[in-house]
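Visitor: Got a structure here, written out as structure tokens. Questions coming.
The values are calculated or read from the model by the stated rules, or taken from the named source; none is laboratory data. In this text, all values refer to a predicted model and were calculated from it rather than measured experimentally. A quick note on method: Cβ atoms are made from the backbone with ideal geometry, for glycine too, and the neighbour counts reach across all protein chains shown. We work out accessible area using only protein heavy atoms, side chains counted, and drop any ligands, DNA or RNA first. Shrake-Rupley method; radii C 1.70, N 1.55, O 1.52, S 1.80 Å.
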Amino acid sequence: MQIGDLIRRAGRQYGAAPALVDGDRTVSFAEFDALTDRLGHALLARGLAPGDRVAVLVPNGIDGVVAYYALAKSGLVRVPLNARETPHEHAFKIDDSQARALVHAGAPSAQVEIMIAADELPGMIEAAPDGPCDVRRDPDEPLRLAYTGGTTGTPKAVVLTTRSELAEVDNFLVDLLPNLRPDSRMLHAAPITHGSGAFFLPHLVKGAANVIVPRFSPPAFLEAAQKHHATTTFMVPTMIGMLLEDPATAEAASSGALALERLCYGGAPIATTVLQRGLDLLGPVFTQLYGQAEAPLAITCLQPWEHTPDRLTSAGKPYTFVEVDIRDSEGNSLGVDDVGEVLTRGPHTMERYWRRPDATAVALEPDGWLHTGDLGRWDAEGYLHLQDRRHDVIISGGFNVYPREVEDALLAHPAVVEAAVVGLPDDTWGERVTAAVVLRSEADPEDVREFCRGRLAGFKRPKAVEIWTDLPTSPVGKSLRREVRDRMLARNGNEDH
Ligand code: AMP
């Protein structure tokens with residue numbers, strides 16, 4: 001089966017029902033099928049050949065979705081670029097993926113052989129022939145390249161195939177969205193280039209509409225959720241934090257104006273305090289996903305009914321068709337409570353890193369197990385508890401300190417709204433735990449530090465707490481501890497010398 005087959009069948013089965021909604025524009029299932037066919041033909045007519053990479057840099061919206069699936073139908077490899085990244089980052093990815101074409105809105109950030117402005121798309125679609133565009137490719141050939149977040153240096157592209165994409169749909173339908181029906185509604189508030197995009201096909205195949213918000217803000221989200229009776233959405237934890245800070249959220253929830261059945265979240269750790277507040281306000285709709293670009297959104301999940309007070313620090317249990325193992329540095333599987341690296345295996349995981357055999361060899365075992373780089377442990381009931389990224393662990397006085405645990409303790413302080421904890425070099429301790437916090441109301445850094453006393457062992461407590469006006473985050477809202485650390489080091493370096 002090819003991705004185009006799913007679109008064609010949805011077109012036949014759900015015809016005039018809305019498939020895509022963006023502001024005042026609606027595209028039906030039949031139209032979506034026809035638009036992607038025509039654009040597929042038009043792309044091939046521009047001289048592109050199956051297997052060529054095409055970078056797509058357009059804002060969250062219908063054009064991007066049509067382009068993505070036209071590429072799938074014409075056998076071209078999608079390279080989604082996030083509009084919120086810098087031109088420098090775009091240029092790197094265009095070059096690294098050896099893209100032959102760039103579909104862009106606004107001024108192009110790089111020159112490639114075939115440039116297609118987004119406002120040319122309607123004309124290309126208009127001029128293209130009717131009829132199915134059905135370039136059939138081997139299911140193990142690349143379908144799309146997904147760049148890793150770059151929280152650990154140069155981004156790498158993960159190669160995802162048709163086989164992995166279909167397996168991702170399986171995982172979602174089995175474990176996350178088993179009750180999808182034609183009147184379900186997915187609200188894409190986060191960039192479709194990332195996690196939210198994984199919700200597109202599961203909704204499409206079940207005849208449910210995908211509604212797109214061009215750019216997330218709590219009011220834009222609340223308005224669209226109410227107007228379209230959104231039943232599913234996906235957010236990174238930062239977005240949930242912002243949503244809960246807005247008083248309109250509590251109003252909408254208490255007046256029964258929200259139809260949300262599943263608020264899926266993941267991509268980064270969530271603070272227990274934020275999650276608890278969310279549950280209090282929005283009810284048992286929260287569903288946590290733990291995944292990574294290399295294993296798209298599906299390693300473990302914590303279902304709504306598993307969000308009990310003792311489980312809020314857990315990332316859940318493995319998806320039905322995904323294997324998960326925790327291993328020590330020698331590769332032995334660990335049992336309950338021992339911390340080791342999380343490995344995963346399943347048909348949805350990456351095939352390899354693009355043009356990085358060195359990195360592929362490190363990440364993928366010959367038998368298909370993928371090293372996630374995350375540290376975690378099992379509890380006695382088989383729930384995974386993530387500790388931190390392996391490279392973020394701070395070693396202070398010989399003890400391992402997991403920044404996430406310290407950040408959680410800081411976030412429990414009523415004035416703290418964001419926290420990032422890093423290790424700075426220290427002559428006595430090896431590394432010293434240092435925190436940067438953003439406040440919602442005034443507080444003394446010493447009080448914030450003292451607040452940790454009853455909550456954290458001495459070696460975990462920050463030796464210093466700095467107050468920052470904001471913390472650096474990646475374009476998809478991940479906290480960039482590396483950047484925090486670099487800034488602290490640069491400043492200390494300047495002061496010391
Ligand atoms: P990316 O490949 O950019 O999507 O980043 C994936 C990484 O984000 C994972 O390896 C984890 O470190 C982190 N992550 C993703 N989901 C979760 C989650 N539910 N809880 C904690 N960390 C997460």
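Visitor: Could you go through region 139-147 in sequence order and give the Karplus-derived ³J(HN,Hα) for each residue, using 6.51 cos²θ - 1.76 cosθ + 1.60 with θ = phi - 60°, rounded to whole Hz, and x for Gly and Pro?
Guide: Using θ = phi - 60°, the values come out as x, 9, 8, x, 9, 8, 10, 10, 7 Hz.
Visitor: Separate question: With a 1.4 Å probe and every protein chain kept in, tell me what percent of the accessible surface of the chain is carbon plus sulfur.
Guide: Solvent-exposed carbon and sulfur of the chain make up 51 percent of the total.
Visitor: Which order do the peptides 196-208, 413-425 come out in when sorted by mean C-beta neighbours inside 10 angstrom, highest first?
Guide: Packing order, densest peptide first, comes out as 196-208, 413-425.
Visitor: Counting each DSSP H run of 4 or more residues in the chain as -39500 (n - 2.57), what helix-only mean residue ellipticity at 222 nm follows after dividing by all residues, to the nearest 500 deg cm²/dmol? Present the calculation step by step, with values, prior to reporting the outcome.
Guide: Numbers: 15 runs with 152 residues, N = 497.
-9000 deg cm²/dmol, from helical runs alone.
Visitor: Can you tally the net charge around Arg215? Count Lys and Arg as +1, Asp and Glu as -1, for every other residue whose Cβ sits under 14 Å from the Cβ of Arg215. Intermediate values should be presented prior to the final figure.
Guide: Values: positive: Arg84; negative: Asp22, Glu223.
Here the count lands on -1.
Visitor: Need the list of lysines near Lys317 for cross-linking: C-alpha distance under 27 angstrom, and skip anything on the same chain fewer than eight residues off.
Guide: Those lysines meeting the cut-off are Lys206, Lys478.
Visitor: Among bridges DSSP assigns within region 393-491, what percent are antiparallel (round to 5)? Don't skip to the answer; put the middle values down first.
Guide: Values: 14 of 18 bridges.
In region 393-491, DSSP labels about 80 percent of beta bridges as antiparallel.
Visitor: Here's something else I'd like to know. Quick check on packing: order 232-243, 359-370 by the mean number of other C-beta atoms within 10 Å, highest mean leading. Intermediate results must be reported in sequence, preceding the final value.
Guide: Values: 232-243: 23.5, 359-370: 14.4.
So the peptides 232-243, 359-370, ranked by packing, come out 232-243, 359-370.
Visitor: Can you tally the net charge around Gly376? Count Lys and Arg as +1, Asp and Glu as -1, for every other residue whose Cβ sits under 14 Å from the Cβ of Gly376. Could you put the intermediate results ahead of the total?
Guide: Values: positive: Lys317, Arg327, Arg377, Arg389, Arg390, Arg404; negative: Asp325, Asp328, Asp337, Asp338, Glu341, Asp374, Asp379, Asp388, Asp392, Glu405.
That sum, taken over residues with Cβ under 14 Å, equals -4.
Visitor: If you don't mind, another one. With just the Cα atoms defining each centre, how far is region 99-168 from region 256-335? Give it in Å.
Guide: Region 99-168 and region 256-335 have Cα centres separated by 30 Å.
Visitor: Please compute the net charge surrounding Met350, taking Lys and Arg as +1 and Asp and Glu as -1 over other residues with Cβ under 14 Å from its Cβ.
Guide: 0
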